[in-house]
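Taken together, the values in this text are just the output of simple stated rules run on the coordinates, not laboratory data. Keep in mind it's a predicted model, so treat the numbers as computed, not measured. Quick reminder, even Gly has a Cβ in these numbers, built from the backbone with ideal geometry, and neighbours come from all protein chains shown.
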Amino acid sequence: MKNYIKYLLAGIFFGIVLIKSEVVSWFRIQEMFRFDSFHMYGIIGLGVVVAMISIQIIKRKNIKDMEGNAITIPPKDPKQVTRYLIGGTLFGFGWALTGACPGPLFSLAGAGYSIMIVPILSALAGTWVYGKIRPSLPH
Amino acid sequence: MELIEFLRQPWPWYVAGPLIGLIVPILLIAGGKLFGVSANLRHACAACVPGDIEFFKYDWKKSGKWNLVFVAGTILGGFIGGWLLSNPDPINISAQTITDLKALGISDFSGMLPSDVFNWENVASTQGIILMIVGGFLVGFGARYAGGCTSGHAITGLADLQLASLLAVIGFFAGGLFITYVIYPFIF
């Protein structure tokens, strides 16, 4: 269990940032899709830049993880264009309908918005159905 | 107490963005883990209702236990951020968005969600079913079909310059824009 405390702490940090930055706000997501504010673009954009610089440093300095193993990021297969475009679009439908992606769904539930249990359970159902019909979907 | 007062204010994008970006190296260095929240939905299915489905036949404890712990932390962080450090004022949404949403019939701008729409009484209405149940379903289905969600593709994948993630993010926005501009007028 001791090995997992660092992940719990990272998750707590993430949950607090999601709330305090208002990324969890349904209104902020609407504002983003209506191009009325820079807020969400600034957060995602700077998040990507900071993550990108960090990954480059880790790769170039061959930094090992805390367990002493080399850090590798498995590449996603870019030949599977269909799954990314169609799957991505379906996810975008859900993102705009619920006004939340998975991180915020959980963070909002923790913040006392118990109604978020409904989209969380639905998302579990969606994941399960995907697993069920996966062999017949184009990827 | 001044620190608490300071933390209760909303954090600006130029503070929050880098903090979210830092989750990527934190998890990589903690144990070579990749930041991606929606994978937990798969782990939960594999743990609870694997059925006889190939996609859920893997060692979820080995590959996913850390991530389920991470998401438990996210819920706890939501509690801390939303209760102990909550901002008492309404969110400072752009005036244009407020005007547009009022035109759709939304009147409560006080919390993180419009309570006139996202409430238990509304779950079984056509609007509630589309927004909460269909919406949630598509979040789960789409995220696994695309192989990741906002954290896995838009943050981690783009930061690692993966073409696949760029395609997925294009899809995220195409889908979101379609719902916002074409579908919303019919469901409000």
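Structure notes:
- Prolate/oblate/rounded label for chain B (Cα gyration tensor, a/c 1.5): oblate
- Rough spin-label spacing in nm, given labels placed 7 Å along Cα→Cβ, for A:Thr82 and B:Asp52: 2.6
- Between B:Ser115 and B:Leu163, the modelled label-to-label distance comes to 5.0 nm, taking each label 7 Å out from Cα in the direction of the beta carbon.
- Each residue of region A:42-59 was assigned a 3J(HN,Hα) from its phi angle through the Karplus curve 6.51 cos²θ - 1.76 cosθ + 1.60 (θ = phi - 60°); the sequence is x, 5, 5, x, 5, x, 5, 4, 5, 5, 5, 4, 4, 5, 4, 4, 4, 5 Hz, with glycine and proline shown as x.
- Residues with amide H under 5 Å from that of A:Lys64, placed H, sequence gap 5 or more: none
- Partners of A:Lys59 within straight-line reach, counting lysines whose Cα lies under 21 Å from its Cα and excluding those fewer than 8 residues away in the same chain: A:Lys76, B:Lys33.
- About its Cα centre, the dipole of region A:1-129 is roughly 460 debye, where the only charges are +1 on Lys and Arg Cβ and -1 on Asp and Glu Cβ.
- Peptide-level mean, for B:27-39, of C-beta atoms on other protein chains within 10 Å: 6
- Take each peptide in B:14-25, A:99-110, B:48-59, B:106-117, count the other Cβ atoms within 10 Å of every residue, and average; sorted highest first, the result is A:99-110, B:14-25, B:106-117, B:48-59.
- Sequence-separation-based contact order of region A:1-124, relative, with Cα cut under 8 Å and 6+ spacing, percent: 31
- Under a model in which nothing but the beta-carbon of Lys, Arg (+1) and Asp, Glu (-1) is charged, region B:84-188 shows a dipole of about 260 debye around its Cα centre.
- Model label sites at B:Lys65 and B:Leu177, defined 7 Å from Cα along the beta-carbon direction, differ in position by 4.5 nm.
- Cα-based shape type of chain A, given that a ≥ b ≥ c are square roots of the gyration tensor eigenvalues and the cut on a/c is 1.5: rounded
- Charge-dipole axis of region B:1-150 as Lys and Arg at +1 and Asp and Glu at -1 on Cβ define it, positive-most pick from B:Phe6, B:Ser94, B:Gly64: B:Gly64
- Nearest-0.05 FRET efficiency for B:Asp108 and B:Ile187, computed from C-beta distance (R0 25 Å): 0.90
- Chain B - mean residue ellipticity at 222 nm from DSSP helices (-39,500 (n - 2.57) per run, n ≥ 4, rounded to 500): -16000 deg cm²/dmol
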